[in-house]
1. Taking residue B:60, is it surrounded by 13 or more Cβ atoms within 10 Å (Cβ to Cβ), at pLDDT 70 or above and either of a type in the set (A, V, I, L, M) or on the phi < 0 side of the Ramachandran plot (or both)?
2. Within the range B:185-218, restricting attention to residues that are in a helix (DSSP H, G or I) and of a type in the set (A, V, I, L, M), which residue is farthest from residue A:42 (Cα to Cα)?
3. Return the total of residues in the range B:190-228 being of a type in the set (A, V, I, L, M, F, W, C) and touching a residue at least 60 places away in the same chain (Cβ under 8 Å).
4. Return the total of residues in the range A:12-27 being more than 9 Å from chain B (Cβ to nearest Cβ) and either more than 13 Å from the chain's Cα centre (by Cα) or among the hydroxyl-bearing types (Ser, Thr, Tyr) (or both).
5. Applying the selection to the range A:1-30, what residues are surrounded by fewer than 17 Cβ atoms within 10 Å (Cβ to Cβ) and among the β-branched types (Val, Ile, Thr)?
6. Among what's in the range B:83-94 and is closer than 18 Å to residue B:243 by Cβ and either assigned to a loop (DSSP other than H, G, I, E, B) or under 12 Å from the mean Cα position of the chain (by Cα) (or both), pick the residue that is farthest from the other protein chains (Cβ to nearest Cβ).
7. Can you tell me which of B:39, B:48 is under 16 Å from residue B:132 (Cα atoms), of a type outside the set (A, V, I, L, M, F, W, C) and open to solvent by 10 Å² or more (accessible area, probe 1.4 Å)?
8. Within the set of pairs 6 or more residues apart or between chains, which connect a residue that is at the interface with another protein chain (Cβ under 10 Å from one of its Cβ atoms) inside the range B:61-82 to a residue that is part of a helix (DSSP H, G or I) and among the acidic types (Asp, Glu) with Cβ atoms less than 6 Å apart?
Amino acid sequence: MKMAVRILQEIFDFFCGDWLIFWGIALTVVVIEGIERLPALASARPWAGLIFFAGVALSLMNSLKRETKE
Amino acid sequence: MVWSAVLPSFFASTVEFVEALTIVLVIGVTINWKSSLLGAAAAALTLGVLVLIFGSAIVLFIPIEVLRLVVGIILVLFGLQWLKKALLRYSGLKALHDEGAIYEERLRELKARGEIDAGKFNGFGFLTSFKSVLLEGLEVAFIVITFGASAGTHKVDGLWAAAVGALLAFVVVVLLGFAVRGPLTKIPENTLKYIVGLMLVTFGTFWGGEGLGIAWPFADLFLLVLLAAYFVASLLIVRWLKPYGRARERQKPGVGGSRS
């Protein structure tokens, strides 16, 4: 079990290494999926690209903000 | 030739090869060239096999639409790591990567071990060289596979183009390494990391967005708009972070006002 967790941690560190960035991007993807699939959010579709860009940039800024406090 | 696969692959590979070459040179100088070069060659072979297996599997079994979504999201995550480190270094919150200092430090460590035998194969030297080249090369292999498989409409052409970029970087770094016979301190590593980070995040956003259903205006030309947007955003971020970097510099012992 410990070995499996360690392997997963190594894979996560290789590809991302930062939970703040990971959750920021995950949330952005969920929002974009919602915009593209749910009829109630269809009016936001023309802005989906901008929202995606903003989500990525804000995830980075959130992670960098933590570095200023260390 | 798929240039969107060649360039990111070339820049990313240059950074990683410089780091790997630093270790190979240290092992070669302190232990012996035989162990060092054998370790590097074994790692290169392992990486080649990995690219062949995973590259072929991706080309044969995964549809391009699925690939672009998954690869896009992974590239964003992967690229943000590079970009974050580069921005922290530009703003002074993290020390600049100094290959020269790393070279000297490793040289001291290995000399202290007293394991220098010029003629004989040395297991420690082989393994250290193998491990370093393999670890640095894994990132290159990942970029070659992902960019190669997603950049064009024909995945095989893309993989070839990305492999050419990596190979060019290898040749350039090795030739320069032989020419200077030391770590390549003249290569602006942080600038390269910053460029690669920007490219990875740009392509990741574009492909990930396409995979999620976003129809980018102007098709592939929108990559340039995204690149410019991330470039401007990164400049603003460095501006925002610089005061924190200066404050941290002042807090260091022996610098500025904290000497009281």
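The values are calculated or read from the model by the stated rules, or taken from the named source; none is laboratory data. All values reported here derive from a predicted model rather than from experimental measurement. Every residue, glycine as well, gets a Cβ built from its backbone with ideal geometry; the counts of neighbours run over all protein chains shown. Note: areas computed on protein heavy atoms with side chains; ligands, DNA, RNA excluded. Shrake-Rupley method; radii C 1.70, N 1.55, O 1.52, S 1.80 Å.
1. Details: surrounded by 13 or more Cβ atoms within 10 Å (Cβ to Cβ): no; at pLDDT 70 or above: yes; either of a type in the set (A, V, I, L, M) or on the phi < 0 side of the Ramachandran plot (or both): yes.
Criteria not met by residue B:60.
2. Step one: filter the range B:185-218 for residues in a helix (DSSP H, G or I), giving B:189-212.
From what is left, the residues that are of a type in the set (A, V, I, L, M) are B:192, B:195-196, B:198-201, B:212.
Working: B:192: 40, B:195: 35, B:196: 34, B:198: 30, B:199: 30, B:200: 29, B:201: 26, B:212: 14 Å.
Within the range B:185-218, the match that is farthest from residue A:42 (Cα to Cα) is B:192.
3. First pass over the range B:190-228, keeping only residues of a type in the set (A, V, I, L, M, F, W, C): B:192, B:195-196, B:198-201, B:203, B:206-207, B:212, B:214-216, B:218-219, B:221-228.
Filter once more, keeping what is touching a residue at least 60 places away in the same chain (Cβ under 8 Å): B:192, B:195-196, B:198-201, B:203, B:206-207, B:212, B:223.
Residues meeting the conditions: 12.
4. Here the count works out to 2.
5. A:5, A:7, A:11, A:30
6. If we take residues in the range B:83-94 being closer than 18 Å to residue B:243 by Cβ and either assigned to a loop (DSSP other than H, G, I, E, B) or under 12 Å from the mean Cα position of the chain (by Cα) (or both), then B:92 is farthest from the other protein chains (Cβ to nearest Cβ).
7. On the way: B:39 fails: open to solvent by 10 Å² or more (accessible area, probe 1.4 Å).
Matching residue, one of B:39, B:48: B:48.
8. Pairs that qualify, where the first residue is at the interface with another protein chain (Cβ under 10 Å from one of its Cβ atoms) and the partner is part of a helix (DSSP H, G or I) and among the acidic types (Asp, Glu): there are none.
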